[in-house]
Every structure is written in structure tokens, then in C-alpha cells.
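**Student:** Sharing a structure with you now.
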Amino acid sequence: IEPADVEPLKEAVEAIQDADAILIGPGSLYTSIIPNLLVPKLAQSIMDSDAIKMFVCNVMTQPGETDGYSVSDHLAAVHAHVGHHLFDYVIVNNGEIPPQVQLKYAELGAKAVHLDLDEVKRRGYKVIADRLVLFRTYLRHDAVQLSHHIYQLVENWMERKR
């Protein structure tokens, strides 16, 4: 990142310090997620926080950005750029994507992000895997299912902190 000593907004650091939960993703790994984490004090604030830290992995790869990436590849990219293990939990889709939807996305160069569960766990992440996709015009995370898991994780985390 240039300049290397860029400062985050004071309000952003304060929000992280005050947070009970930090949720990162889904989003473009190299153009949305990692650039924010390259701000040194921002990433450090996340690491220092005692909030629960969750990463929501994309359902599909992004052509030219994450071609062939698995869930562990997404996490490895964050680790390689930040230099640290940031997340307590990884929330991923393990539901089937209908073949006709896969074909539509394949024409654009995208494929389902492969859940390499053993590797993700080996790297020390706790995994929440569920059917988290909806298809209407586009494939998206099922907001109801996703928010249910996030709520449960945060509620359990807060209970343990009491």
C-alpha cells in the first residue's frame, strides 16, 4: 500500500475497538477486502480486538481475481497480506448450486468456491458451513440463513465473555 504509513480514520479504529463482532466479507478479495486490511493500524486493531471475528467467504470465484480459489486459498491470501491469522470463524456455503446456474457462471469464468474443510480446519479456523445461496437473477448469499448464523455466533460469543 502506498504510502506504507497511511493512517486509518480515527473513527474506524474506535469502531473496531468498541465492536462486539467484526464481520469481513463477502466481497472482492483483492479489490475490496485486502486493501482495507493493508492499512496497518486497521489490521492491528482487528487483531487486538476481543470481538468475535468472522469471515464470510464468497460463493463463487471472481474471474481474473480468484480463479480456482478454494476457501483456504481466500484465507491464505488474507494471511499473506496481513501477516496474521485474523478470523475466529469462517462462514461458507456448502449447499449445491444447480447445474444450470453453474453453467451460467462458468460462461463468465466463475466457479463455485471449493470448501476444502480439512485444510481450513487444519489452519485453525472454526467453520460454519450451510446452504447459504439463493438464485434469482444472480447467485447471492441467503441473507436470512447467513444472518441467523452470524447472530448465533455473536450471541454465543457474548455469553462466554460474561
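**Student:** Pairs, please: C-beta under 7 Å, at least 6 apart or cross-chain, first residue farther than 27 Å from Tyr151 by Cα and in the stretch 2-20, second open to solvent by 100 Å² or more (accessible area, probe 1.4 Å) and not in a loop (DSSP other than H, G, I, E, B)?
**Tutor:** Cβ pairs passing all conditions: Glu7/Lys41; Pro8/Lys41.
**Student:** State whether one or more residues within the stretch 13-20 are open to solvent by 30 Å² or more (accessible area, probe 1.4 Å), modelled with pLDDT of 95 or more and either assigned to a loop (DSSP other than H, G, I, E, B) or in contact with a Cys (Cβ under 6 Å, 6 or more places away or on another chain) (or both).
**Tutor:** So far as the stretch 13-20 goes, yes, one or more of its residues are open to solvent by 30 Å² or more (accessible area, probe 1.4 Å), modelled with pLDDT of 95 or more and either assigned to a loop (DSSP other than H, G, I, E, B) or in contact with a Cys (Cβ under 6 Å, 6 or more places away or on another chain) (or both).
**Student:** For the stretch 26-35, name all the residues that are free of Cβ contacts under 8 Å to residues at least 60 places away in the same chain and either surrounded by 17 or more Cβ atoms within 10 Å (Cβ to Cβ) or among the acidic types (Asp, Glu) (or both).
**Tutor:** Leu29, Ile33, Ile34
**Student:** Name, by its number, the condition in (1) out of contact with any helix residue (DSSP H, G or I) (no Cβ under 8 Å at 6 or more places or on another chain); (2) surrounded by fewer than 13 Cβ atoms within 10 Å (Cβ to Cβ) that does not hold for Pro40.
**Tutor:** Unmet for Pro40, out of (1) out of contact with any helix residue (DSSP H, G or I) (no Cβ under 8 Å at 6 or more places or on another chain); (2) surrounded by fewer than 13 Cβ atoms within 10 Å (Cβ to Cβ): (2).
**Student:** Pairs needed: first member in the stretch 84-99, over 15 Å from Arg123 (Cα atoms); second member anywhere, part of a strand (DSSP E or B); C-beta distance under 6 Å; at least 6 residues apart or different chains.
**Tutor:** Final answer for the pair search is Val92/Ala129; Asn93/Val133; Asn94/Ala129; Gly95/Val133; Ile97/Ala112.
**Student:** Determine the pairs where a residue that is among the small types (Gly, Ala, Ser), located within the stretch 46-72, has a partner that is modelled with pLDDT of 95 or more and assigned to a strand (DSSP E or B) with Cβ atoms under 6 Å apart, the partner being 6 or more residues away or on another chain.
**Tutor:** That search, which allows pairs on different chains as well, returns Ala51/Ala21; Ala51/Ile22; Ser70/His114.
**Student:** Next question, about the same structure. Conditions: (1) in contact with a helix residue (DSSP H, G or I) (Cβ under 7 Å, 6 or more places away or on another chain); (2) open to solvent by 50 Å² or more (accessible area, probe 1.4 Å); (3) assigned to a loop (DSSP other than H, G, I, E, B). His81 meets all but one. Number of the miss?
**Tutor:** All conditions are met except number (3).
**Student:** Kindly provide the set of residues from the stretch 26-69 that are β-branched (Val, Ile, Thr) and not in a helix (DSSP H, G or I), ordered by number.
**Tutor:** Filtering the stretch 26-69 for residues β-branched (Val, Ile, Thr) gives 31, 33-34, 39, 46, 52, 56, 59, 61, 66.
If the condition is that a residue be β-branched (Val, Ile, Thr) and not in a helix (DSSP H, G or I), then Val39, Ile52, Val56, Val59, Thr61, Thr66 are the ones that fit.
**Student:** Scan the strands (runs of 3 or more DSSP E) fully inside the stretch 105-162 and keep the ones with 2 or more residues being without any contact (Cβ under 8 Å) to a residue 40 or more places away in the chain and either open to solvent by 40 Å² or more (accessible area, probe 1.4 Å) or at negative phi (or both).
**Tutor:** 126-130, 133-135
The values are calculated or read from the model by the stated rules, or taken from the named source; none is laboratory data. Remember, it's a predicted structure, so these values are computed and weren't measured experimentally. Here Cβ is always computed from backbone atoms with ideal geometry, including for glycine, and neighbour counts include all displayed protein chains. Accessible surface areas use protein heavy atoms only, side chains included; no ligands, DNA or RNA. Shrake-Rupley method; radii C 1.70, N 1.55, O 1.52, S 1.80 Å.
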